[in-house]
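This report refers to the structure that appears directly beneath it.
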Amino acid sequence: MELSKLLKGIEILSFSGEKNREIVSIVFDSRTVTENSLFVAVRGSKSDGHDFIRKAVESGASVIICEKLPEITSPDVTWILTGDSARVLGQVSSNFFGNPSSSLKLTGVTGTNGKTTIATLLFRVFSGLGYKCGLFSTVCNYIVDKEMEATHTTPDPVQLNRVMSEMVKAGCDYAFMEVSSNASDQKRVAGLKFTGGIFTNLTHDHLDYHLTFNRYLAAKKSWFDSLPETAFALVNADDKNGIVMLQNCKARHYTFSVRGMADFRCGIIEQSFQGMNLRIMSEEVWTKFIGDFNASNLLAVHSAAVLLGADNREVLTILSELDSVPGRLEVIRSPGGITGIVDYAHTPDALLNVISTLNKIRKTDDSLITVVGAGGDRDRTKRPK
């Protein structure tokens, strides 16, 4: 792609060198630079791309975008100075792949818990409605029925836009993605056009990266603040931070709740290990899911689907047929009558929700055995809780 087209909408503080260049790839890792690459020097949490500019030039990069120019600049290279390389990486990646998010109805889901379930179920609902859809999730990425390994909850901007362009080529109408706090903070979703944003909840997690809860909250909110006026912002009114997400958010505001008044409401009529009977708005629906938090997740899915234009009855019918997401309160039964529950819970709040849910459902003479694992290189401050 021509450099001039790549730089559309980019903040440029200074520009030197050849303008009429043909760029063959966008790169932020100097190890993957090839001839005529555009290298964006991004300051990361563990390394600084500015330290690898020289290596990128030696490997054939013809354009460098950075926040600080090196003392010696090669005249054979085009140098572009910007104020925010991370944001620019997202924007040039989007431009390079033809702004694929503009050709999709893209909905993002953020929050501590529930992102994977909600994004995955939205993908399944709209697939069930007959649409071709794409999915970015912690468990797996999909282009219609093509499965791809997920290495991050939210991929880097280059991979994100590359896969999204493949979704467009495959004829996808909708795409659903998890937007992690790390991705928001690192501006991996910069340059994407969202049709809607969903907030689930905010509890203790990722403080190994954000250091404080307020910074964790600010990372989530920064994405909501970036949603356009044409998008919808759907938040969980049962979490006190839901209303915080809507402050200064330009998108259309909507709330959902399983406890009180909201634009979209849900109540649990009964539940067992086989599933639960819900009243969503004025309709009753049986689902194969269990747990109060899954009632909230299903309500979020229903609400977002309706906001995206789906028929209320059709959505409820599909929800009644869906199985739980793998590893999310997944029920396994042995021939001997033992019930096993597999769940991804890795925060104090999520673990408490799972155990309290099982205690509500199990018989009084049933024993509950809990086995918990904790990653060795992540947030250790949550373990005592």
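For this structure, a couple of remarks:
- Residues in region 2-32 that are surrounded by fewer than 19 Cβ atoms within 10 Å (Cβ to Cβ), touching a residue at least 12 places away in the same chain (Cβ under 8 Å) and of a type in the set (Ser, Thr, Tyr): SER4, SER14, SER16, SER25.
- Selection from region 61-87 of residues that are closer than 19 Å to PRO157 by Cα and not in a strand (DSSP E or B): ALA61, GLU67, THR82, GLY83, ASP84, SER85, ALA86, ARG87
- Selection of helices (runs of 4 or more DSSP H) fully inside region 275-385 by the criterion of at least 1 residues being open to solvent by less than 30 Å² (accessible area, probe 1.4 Å), of a type in the set (Ser, Thr, Tyr) and touching a residue at least 40 places away in the same chain (Cβ under 8 Å) returns 292-307, 348-361.
- Residue in region 252-263 that is in a loop (DSSP other than H, G, I, E, B), modelled with pLDDT under 90 and buried (at least 21 other Cβ atoms within 10 Å of the Cβ) present: no
- Of note, LEU299 satisfies the criterion of being closer than 17 Å to GLY114 by Cβ, out of contact with any Asp or Glu (no Cβ under 8 Å at 6 or more places or on another chain) and of a type outside the set (Gly, Ala, Ser).
- Against the conditions (1) within 30 Å of LEU121 (Cβ to Cβ); (2) touching a Gly at 6+ places or on another chain (Cβ under 8 Å), PHE97 satisfies every one except (2).
- Check on ASP145, of a type in the set (Asp, Glu), more than 13 Å from TRP223 (Cα to Cα) and within 15 Å of the chain's Cα centre (by Cα): no
Residues checked against (1) touching a strand residue (DSSP E or B) at 6+ places or on another chain (Cβ under 8 Å); (2) closer than 22 Å to LYS220 by Cα:
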residue: ASP48; (1), (2): no, no
residue: GLU58; (1), (2): no, no
residue: PRO70; (1), (2): no, no
residue: THR73; (1), (2): yes, no
residue: VAL88; (1), (2): yes, yes
residue: PHE96; (1), (2): yes, no
residue: PHE126; (1), (2): yes, no
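- Scan of region 328-374 for residues that are touching a Lys or Arg at 6+ places or on another chain (Cβ under 7 Å) and modelled with pLDDT of 85 or more, ordered by number: THR339, ASP343, LEU368
- Some residue of region 169-189 being touching a strand residue (DSSP E or B) at 6+ places or on another chain (Cβ under 6 Å), open to solvent by less than 50 Å² (accessible area, probe 1.4 Å), modelled with pLDDT under 90 and within 28 Å of SER324 (Cα to Cα): no
- Flag if THR78 is of a type in the set (Ser, Thr, Tyr) and surrounded by fewer than 19 Cβ atoms within 10 Å (Cβ to Cβ): no
- Enumeration of residues in region 238-251 that are of a type outside the set (D, E, K, R) and either over 18 Å from HIS302 (Cβ atoms) or modelled with pLDDT of 95 or more (or both): ASN241, ILE243, VAL244, MET245, LEU246, GLN247, ASN248, CYS249, ALA251
- If the condition is being open to solvent by 50 Å² or more (accessible area, probe 1.4 Å), more than 18 Å from THR195 (Cβ to Cβ) and polar (S, T, N, Q), then region 223-251 contributes GLN247, ASN248.
- Across region 33-47, the qualifying residues are those that are β-branched (Val, Ile, Thr) and closer than 19 Å to ASN182 by Cβ, and the one among them that is surrounded by the fewest Cβ atoms within 10 Å (Cβ to Cβ) is VAL42.
- Checking each residue in region 65-75 for being farther than 15 Å from GLY17 by Cα and surrounded by 13 or more Cβ atoms within 10 Å (Cβ to Cβ) picks out only GLU67.
- SER62 of a type in the set (Gly, Ala, Ser), more than 15 Å from the chain's Cα centre (by Cα), open to solvent by 20 Å² or more (accessible area, probe 1.4 Å) and at pLDDT 95 or above: no
- The condition of being surrounded by fewer than 24 Cβ atoms within 10 Å (Cβ to Cβ), closer than 30 Å to GLY49 by Cβ, under 12 Å from the mean Cα position of the chain (by Cα) and not acidic (Asp, Glu) holds for only one of THR154, THR138, that being THR138.
- Filter result for GLU314 (within 25 Å of CYS266 (Cα to Cα) and either touching a strand residue (DSSP E or B) at 6+ places or on another chain (Cβ under 9 Å) or among the hydroxyl-bearing types (Ser, Thr, Tyr) (or both)): no
- Test: GLY267 is of a type outside the set (A, V, I, L, M, F, W, C) and out of contact with any Ser or Thr (no Cβ under 8 Å at 6 or more places or on another chain): yes
The values are calculated or read from the model by the stated rules, or taken from the named source; none is laboratory data. What you are looking at is a predicted structure, and each value in this text was computed from that prediction instead of being measured. Cβ sites come from the backbone with ideal geometry, for glycine too, and all protein chains shown count toward neighbours. Note: accessible area is taken over every heavy atom of the protein model, side chains too, but ligands, DNA and RNA are not part of it. Shrake-Rupley method; radii C 1.70, N 1.55, O 1.52, S 1.80 Å.
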